[in-house]
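Read through the structure below, which is laid out as structure tokens, and then see the notes.
The values are calculated or read from the model by the stated rules, or taken from the named source; none is laboratory data. Just so we're clear, the structure is a prediction, and the values are computed from it rather than from any experiment. Cβ placement follows ideal geometry from the backbone for every residue including glycine, while neighbour counts extend to all protein chains displayed.
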Amino acid sequence: MSLLQVKQVSLSFNSKKLFKGKDLSKKVLNDISFAIEEGTCLGLIGTSGAGKSTLGKVILGIQRPQQGQVLFQGYDIYNADKATQQKIRRDLQVVFQDSYSAVNPRMTAERIISEPLENYEKLTITEQRKRIIELLERVGLSEKDLKKYPHQFSGGQLQRINIARAVALKPKLIVLDESVSSLDMVTQSLILELLNELKDDFGLSYLFITHDIKAAFLISDTLGVLEKGELIELYDSKDQFFSSKHPIVKRLRDSILAEHPRFRTLTTKANWVNTNRLSKQL
Amino acid sequence: MKSNEQNILNVRDLHVQVRTPEGLSTLVQNINFEMEKGKILGLVGESGSGKTITSMSILQLLDKKRMNIEGSITLHGRELNGLENKEMRKIRGKDIAFIMQNPMNAFTPVFTIGHQFVETIRTHSSLNKKQAKELAIDTMQSVNLPNPDKLLKSYPFQLSGGMLQRVMIAMAACLNPSVIIADEPTTALDLHNQLLVLRLLDKVRSRYGTSILLISHDLGVISEMADDVIVMQYGRIVESANVFDLFDHPEHEYTKKLLRTRPTLYSQKQPYTYML
Ligand SMILES: Nc1ncnc2c1ncn2[C@@H]1O[C@H](COP(=O)(O)OP(=O)(O)OP(=O)(O)O)[C@@H](O)[C@H]1O
Ligand SMILES: Nc1ncnc2c1ncn2[C@@H]1O[C@H](COP(=O)(O)OP(=O)(O)OP(=O)(O)O)[C@@H](O)[C@H]1O
Ligand SMILES: [Mg+2]
Ligand SMILES: [Mg+2]
């Protein structure tokens, strides 16, 4: 049995409101089906507004679709009993796209990370602190950061606090919505390494939503492309992605930026005159 | 110090400290750079190295009760550091536009996108409501936002992350400011929309001579856009160079590591020629 099965999910916003007899509803997800196996990562890319974050919310049980089912370990998450729901909530964690609104501004980093632990695990205070410091170090932060509040962190640091919080409970599936997108490459590879390790050692699974194709390749076993609410293609290898003939995929590939300034194509010559380039020294 | 009339913005000996219960703690120090007319200055660096603090100092958006900002920041020769908030408000958005790292924080949740966009334009220009709306729609179209009319009537939570980011970019670009500070402007965008946004920024630069401070962790964005690059680590500038020199002859250890760890799509096995 797959860890997660999404079956023919469709969702619209404002579906019930009719305006002057017209149906104003906006179909955001259209007949989506796929599965995620234990210990694997499904990467999800797609145009902005395609419905990726919405799909993530459907899987997390916080945005009920009008049609279809989401099965987690075989349980229909929108129709499970209380006890099952509570168990699912622990096994399903998320790191949202917007790291600031995901945390309580009045909690320290220590509280933010320990909150899920307190709910589920009975650890002594020293054990718990040790565990939190370990987690902070794994995401490139340190003991010094325990007592800081969200506004005292940089964007990327807060994102890493959220990642530490999500992995704290060793859940079964984590939805990562653009979670490493704003991290510099050195920090990003540290996080991807951590995620890959948890995947191999503990069989963690991920839904990895990103616009960064390179990051997606580094962690995903399967890569899906969502466009206008439809899952248009699924690939098992990089080569399949690169040989796809789908126009949307082609457009994505054609938008890959140069890897060295020598190959740049985007910038034009200035129209306002400035020929006299002074010696370049900052 | 180099005097150069092409320099729009000068940052000299910027030093920012924050008051903590344990005393003053330094966030950035010895920051020196200048932004030339029509040039793009890339800013890269480790997460937490002080990129956002540096840009917030230029905009004078740091909490002055908690932070000490020393040094000089001049725009067209005018000192900004210590300027009254009332004066600074006239400059922000008009002379120095900014694109925040976190699009959600840039909007007030209770007002529509249109209200916020049109108000921003009207505060800084003599356009009437109808003209402001026209301008908003035009710029939104240039960043590929679908149905701008409809979007203007939406509330922030009804837009996806990438849509909000593009609205913010449209807002920043539409008044042709002399400086744009763009803090990770394309992190929430798919590749195609990223390209369109970068094109818009380049258009503003080449047409109006806008100087852009482009903070990005994405070396692809830096490769395509930057003329010069500064690299930050632990609150300091550790390297600054012309973009070609930086990629070909990185000097600082962190820069070398950054270039080494960047994932590449080119593989020995399969060179993807369409990229060249
Ligand atoms: N609460 C809401 N009410 C109405 N429309 C919404 C709501 N949330 C999202 N939408 C719309 O649903 C569509 C999909 O949004 P979603 O956030 O899932 O996109 P996305 O693929 O995550 O995009 P991005 O890459 O920009 O984050 C968008 O057109 C958006 O405007
Ligand atoms: N309000 C604050 N009070 C105290 N410390 C702060 C505050 N804001 C930021 N810092 C600290 O200052 C340092 C620089 O933060 P800054 O936001 O400039 O980093 P950054 O380079 O933009 O990082 P990122 O790439 O993650 O966004 C960080 O170590 C951060 O913890
Ligand atoms: Mg999203
Ligand atoms: Mg930042």
In segment B:241-263, anything within 11 Å of chain A (Cβ to nearest Cβ) and in contact (Cβ under 8 Å) with a residue 12 or more places away in the chain is listed as B:Ala241, B:Asn242, B:Val243, B:Leu246, B:Phe247, B:Tyr254, B:Thr255, B:Leu258, B:Leu259, B:Arg262
Exception for A:Lys199 within (1) under 22 Å from A:Tyr100 (Cβ atoms); (2) more than 16 Å from ligand 2 (Cβ to nearest atom) falls at (1)
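Is it true that some residue in segment B:184-194 is hydrophobic (A, V, I, L, M, F, W, C) and more than 17 Å from A:Ile213 (Cα to Cα)? Quick ask: steps written out before the conclusion?
Just the residues of segment B:184-194 that are hydrophobic (A, V, I, L, M, F, W, C), to begin with: B:188-189, B:191.
Then keep just the ones that are more than 17 Å from A:Ile213 (Cα to Cα); that gives none.
No: zero hits.
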Within segment B:53-83, restricting to residues that are farther than 21 Å from B:Ser178 by Cβ and β-branched (Val, Ile, Thr), the one that is farthest from the chain's Cα centre (by Cα) is B:Ile69
*Does any residue of segment B:225-233 turn out to be under 23 Å from the mean Cα position of the chain (by Cα), among the polar types (S, T, N, Q) and closer than 19 Å to A:Glu259 by Cα?*
no
Per the list (1) within 23 Å of the chain's Cα centre (by Cα); (2) within 14 Å of chain B (Cβ to nearest Cβ), residue check on A:Lys147 breaks on (1)
A:Ala215 vs (1) within 16 Å of ligand 3 (Cβ to nearest atom); (2) of a type in the set (Gly, Ala, Ser); (3) touching a residue at least 40 places away in the same chain (Cβ under 8 Å): all pass except (3)
Only one of A:Gln5, A:Gln67 is closer than 26 Å to A:Asp201 by Cα, modelled with pLDDT of 95 or more and among the polar types (S, T, N, Q), namely A:Gln5
Of the residues in segment B:190-203, those that are surrounded by 23 or more Cβ atoms within 10 Å (Cβ to Cβ) and more than 8 Å from chain A (Cβ to nearest Cβ) number 2
If we keep only residues of segment B:58-100 that are within 14 Å of chain A (Cβ to nearest Cβ) and not hydrophobic (A, V, I, L, M, F, W, C), then the residue farthest from ligand 4 (Cβ to nearest atom) is B:Lys65
Flagged pairs (Cβ under 8 angstrom, 6 or more apart or on separate chains; first in segment A:160-187, within 20 Å of A:Lys214 (Cα to Cα); second surrounded by fewer than 23 Cβ atoms within 10 Å (Cβ to Cβ) and basic (Lys, Arg)) are A:Met185/B:Arg262; A:Val186/B:Lys257
Scanning segment A:258-273 for residues that are surrounded by fewer than 15 Cβ atoms within 10 Å (Cβ to Cβ) and at pLDDT below 80 gives A:Thr268, A:Lys269, A:Asn271, A:Trp272, A:Val273
Reported set for segment B:144-158 where residues are within 8 Å of chain A (Cβ to nearest Cβ) and either modelled with pLDDT under 90 or part of a loop (DSSP other than H, G, I, E, B) (or both) is B:Pro146
Being small (Gly, Ala, Ser), farther than 28 Å from A:Asn30 by Cβ and either over 15 Å from the mean Cα position of the chain (by Cα) or in a helix (DSSP H, G or I) (or both) narrows A:Ser189, A:Ser182 down to just A:Ser189
Of B:Met56, B:Met35, B:Met104, the only residue that is surrounded by 15 or more Cβ atoms within 10 Å (Cβ to Cβ) and within 16 Å of ligand 1 (Cβ to nearest atom) is B:Met104
Taking segment A:37-69 and keeping residues more than 13 Å from ligand 1 (Cβ to nearest atom) and under 20 Å from A:Ser220 (Cβ atoms) leaves A:Glu37, A:Glu38, A:Gly39, A:Thr40, A:Cys41, A:Leu42, A:Gly43
- Task: With respect to A:Gln157, determine if the residue is away from ligand 3 (no atom under 16 Å from the Cβ), closer than 20 Å to B:Asp190 by Cβ and assigned by TED's automatic domain parsing to the domain that holds A:Ser53.
- Result: no
Over segment A:201-222, the set of residues within 14 Å of another protein chain (Cβ to nearest Cβ) and among the aliphatic types (A, V, I, L, M) is A:Ile209, A:Ile213, A:Ala215, A:Ala216, A:Leu218, A:Ile219
Reported set for segment A:115-155 where residues are part of a helix (DSSP H, G or I), surrounded by 15 or more Cβ atoms within 10 Å (Cβ to Cβ) and without any contact (Cβ under 8 Å) to a residue 40 or more places away in the chain is A:Gln128, A:Arg129, A:Arg131, A:Ile132, A:Ile133, A:Leu135, A:Leu136, A:Asp145, A:Gln152
message = So, A:Leu176, is that one within 23 Å of A:Glu118 (Cα to Cα), in contact with a Phe, Trp or Tyr (Cβ under 7 Å, 6 or more places away or on another chain), within 16 Å of ligand 3 (Cβ to nearest atom) and assigned by TED's automatic domain parsing to the domain that holds A:Ile113 or not?
response = yes
Inset, instruction - Please verify whether segment A:66-86 includes one or more residues that are within 14 Å of chain B (Cβ to nearest Cβ) and under 21 Å from the mean Cα position of the chain (by Cα). - result: no
Of the candidates A:Ala166, A:Ala215, the one satisfying the condition of being at pLDDT below 90 and either in a loop (DSSP other than H, G, I, E, B) or in contact with a Pro (Cβ under 9 Å, 6 or more places away or on another chain) (or both) is A:Ala215
